[in-house]
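Below: one structure, written as structure tokens.
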Amino acid sequence: MVPVQAQVLPISQESGIVAEKVRDGIDLEVNGEHFRHTGDAQMPLLWYLRDVLRLTGTKYGGEHGENGADLVLLDGKAVSAITVPLAGLAGKAVTTVEGLAANDGSLHPLQQAFIDEDAIGCGYCTPGWLIAGVDLLRRKPHPNDGDIDQLPNLCRCGCQTRVRRAIKRAAGKAGRP
Ligand code: FES
């Protein structure tokens with residue numbers, strides 16, 4: 001029997017196929033999608049998310065991320081997105097607040113708990129609280145008020161009491177991401 005060989009098609013001008021070299025860059029995953037950053041490697045993750053990917057849920061939380069509004073999950077752990085340059089993110093997985101809901105659109109249990117407890121005022125701090133809360137519930141499925149109060153997040157609308165209730169309401173249900 002004559003072996004079947006793979007046919008290699010020549011790339012020709014007639015075919016319209018143009019060979020494109022892969023540019024060097026930083027490969028990372030954001031909310032389950034693959035991206036390659038070919039720009040400034042020192043760009044903070046926060047500005048990449050907001051200005052390049054247009055994922056504007058993550059907010060500016062001070063130049064050192066001191067109020068927690070810029071938290072994202074990096075390989076499942078909460079980090080301040082302004083303090084992380086893209087240079088250190090090759091092969092890492094980032095989850096922003098936009099990535100918390102399931103693919104079918106159903107909310108993360110903590111998002112639902114924030115709605116149920118009316119824990120949202122102007123909403124500026126809410127993405128950061130959600131990320132911090134998901135991280136806390138992963139580390140400690142049944143946190144107490146003291147655990148929640150140790151989170152770096154601040155709410156200038158005075159929602160802390162309702163945020164505490166929301167995080168405790170989601171306790172034991174917030175297993176993802
Ligand atoms: S809801 Fe307005 S700052 Fe928290």
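The values are calculated or read from the model by the stated rules, or taken from the named source; none is laboratory data. Bear in mind that the values here come from a model prediction, so they are computed numbers and not experimental data. Ideal geometry is used to build each Cβ from the backbone, glycine not excepted, and the neighbour counts take in all protein chains shown. Heavy atoms of the whole protein, side chains included, go into the accessibility calculation; ligands, DNA and RNA do not. Shrake-Rupley method; radii C 1.70, N 1.55, O 1.52, S 1.80 Å.
Taking the Cα centre of the chain as origin and charging only Cβ (+1 Lys, Arg; -1 Asp, Glu), how large is the dipole, in debye to the nearest 20? Write down the numbers at each step before the final one.
On the way: 19 positive and 21 negative charges, 113 e Å.
The calculation lands at about 540 debye.
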Subject >> Using a Förster distance of 22 Å, the FRET efficiency for ASP147-ASP116 (Cβ separation, nearest 0.05) >> reply: 0.65
Original post:
Fully extended, how many nm does the chain gain between ALA19 and HIS34 (0.36 nm per residue separation, minus their Cα-Cα distance)?
Top reply: 3.3 nm
Original post:
Considering only protein heavy atoms and a 1.4 Å probe, what is the carbon-and-sulfur percentage of the accessible area of the chain?
Top reply: 51 percent
Subject >> Reference-scaled alpha-carbon Rg (2.2 N^0.38 Å with N residues) for the chain >> reply: 1.33
Subject >> Distance violations [Cα-Cα > 23 Å] among LYS77/LYS168; LYS140/LYS173; LYS77/LYS173; LYS92/LYS173; LYS21/LYS77 >> reply: LYS92/LYS173; LYS21/LYS77
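Which loop-located trypsin sites (Lys or Arg not before Pro) does region 25-86 contain, where loop means any DSSP state but H, G, I, E or B and the Cβ has at most 13 other Cβ atoms within 10 Å? Can you show the working numbers first?
Values: sites: ARG36, ARG50, ARG54, LYS59, LYS77; in loops: ARG54, LYS59.
Loop-located and lightly packed - ARG54.
Could you give the alpha-carbon Rg of region 109-169 over 2.2 N^0.38 Å, rounded to two decimals?
Values: Rg = 10.1 Å, N = 61, 2.2 N^0.38 = 10.5 Å.
Expressed relative to 2.2 N^0.38 Å, the Cα Rg reads 0.96.
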**OP:** Over the chain, average the accessible area per residue using a 1.4 Å probe and give it in Å², no decimals.
**Re:** 59 Å²
Subject >> Residues with amide H under 5 Å from that of VAL30, placed H, sequence gap 5 or more >> reply: PHE35, VAL94
Subject >> Helix-only mean residue ellipticity at 222 nm for the chain, each DSSP H run of n ≥ 4 adding -39500 (n - 2.57), per residue, nearest 500 >> reply: -6000 deg cm²/dmol
